[in-house]
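See structure below.
FYI, it's all coordinate maths here, none of it is from the lab. Just so it is clear, the model here is predicted, and its values are computed rather than measured. Counting neighbours? That spans all protein chains shown, and the Cβs are built from the backbone with ideal geometry, glycine included.
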Amino acid sequence: MDKYEIFKQKVYKLIRIDLSCYKEKQMKRRINSLISRNNFKDYDDYYEGLENDEKLLNDFINYLTINVTEFYRNPSQWDVLGNHILPELLSNNLNLKIWSSACSTGEEAYSMVMLLTKFLPLDKINVLATDIDENVMDKAKAGIYGEKTLQNLPKDFIDKYFEKIKNSYKISPLIKNRVKFQKLDLLSDNYPANNDLIICRNVMIYFTEEAKNTIYKKFYDSLNSQGILFVGSTEQIILPDRFKFKTAKTFFYKKCV
């Protein structure tokens with residue numbers, strides 16, 4: 001067994017992240033970069049560092065889980081969500097159960113709450129946001145963002161729901177309080193049930209085909225009978241009927257019952 005395989009096994013025992021579920025070429029490149037950047041000799045040397053240095057371990061988790069996001073990422077897709085998907089869902093149920101999976105630093109979940117204010121009073125809005133990385137969720141809970149991450153967000157939302165503090169923007173507690181953050185590993189944990197809408201964008205591209213197949217099946221099971229899955233702009237599902245989905249709109253998939 002080569003050193004990388006041994007390293008993967010040790011990492012799984014340490015933090016329960018299964019590196020075998022990620023595309024190997026991409027993952028090895030990222031880990032090798034970390035080893036070099038932190039002046040370790042090899043996988044064994046680096047693993048010893050991870051065991052003994054909490055900051056190094058947190059940086060490792062954060063780097064592996066690829067936390068790049070922004071408010072209203074791919075705005076045209078949010079337009080479809082607001083103009084077509086949400087009105088249809090709300091026509092059947094005003095108490096939507098919405099899950100932002102792999103939520104990273106919270107921009108997506110907060111975008112969802114702000115969009116829903118066009119349809120519902122704030123006290124009727126609840127979004128579950130989950131991620132494997134507790135550090136990025138701590139940043140999400142703080143709710144302070146750089147100007148660049150807001151560049152696609154409608155101006156009326158910025159004016160209404162953000163306070164500018166020097167070069168940063170702090171999101172209003174009115175929005176923050178509608179999101180519940182929770183740690184969840186898409187590969188190994190149980191999923192919340194009976195969701196009307198699941199948002200999973202720009203994370204599936206890093207998983208192996210086998211891992212993606214498992215996740216799509218779990219998403220199917222966790223949606224209610226009218227549920228919709230919203231995916232990223234590079235993650236269209238080829239032959240969605242394999243997973244018992246049908247295309248509702250581009251990047252939106254409806255559960256087939």
Original post:
log10 I(q)/I(0), Debye, Cα-only the stretch 3-64, no solvent, q = 0.15, 0.21, 0.24 Å⁻¹?
Top reply: -0.38, -0.79, -1.09
**OP:** Report the trypsin sites (Lys or Arg not before Pro) located in the stretch 144-198 that are in a DSSP loop and have at most 14 other Cβ atoms inside 10 Å of their Cβ, or state none.
**Re:** Lys166
Subject >> Ordering of 91-103, 184-196, 44-56 by packing [mean C-beta count within 10 Å, highest first] >> reply: 91-103, 184-196, 44-56
Original post:
Just the Cα atoms of the chain: what Rg and Dmax do they give in Å?
Top reply: 19.2, 59
Original post:
Among bridges DSSP assigns within the chain, what percent are antiparallel (round to 5)?
Top reply: 50 percent
Original post:
Kirkwood-based Rg over Rh for the stretch 204-257 (C-alpha set), two decimals?
Top reply: 0.92
**OP:** Mind checking which aspartates and glutamates have their Cα closer than 14 Å to the Cα of Lys8? Skip sequence neighbours fewer than 8 apart in that chain.
**Re:** Asp18, Glu24, Asp42, Asp44, Asp45, Glu48, Glu51
**OP:** Go ahead and estimate [θ] at 222 nm for the chain from helices alone: -39,500 (n - 2.57) per DSSP H run with n ≥ 4, summed, over the residue count, rounded to 500.
**Re:** -12000 deg cm²/dmol
**OP:** Excluding residues on the same chain fewer than 8 positions from Lys170, give the lysines whose Cα lies under 28 Å from its Cα.
**Re:** Lys55, Lys97, Lys118, Lys124, Lys139, Lys141, Lys148, Lys155, Lys160, Lys180, Lys183
Subject >> Relative contact order (%) - the chain, alpha-carbon pairs under 8 angstrom, separation at least six >> reply: 17 percent
Original post:
Quick one: if the Förster radius is 22 Å, what FRET efficiency do Lys155 and Asn74 give, using the C-beta to C-beta distance and rounding to 0.05?
Top reply: 0.75
Original post:
From the backbone phi of the stretch 42-49, what are the Karplus-calculated ³J(HN,Hα) couplings (6.51 cos²θ - 1.76 cosθ + 1.60, θ = phi - 60°) in whole Hz, Gly and Pro given as x?
Top reply: 7, 4, 4, 4, 5, 4, 4, x
**OP:** With a cut-off of at most 10 other beta carbons within 10 Å, and DSSP calling the residue loop, which GluC sites (Glu not before Pro) in the stretch 151-257 qualify? Please list them.
**Re:** none
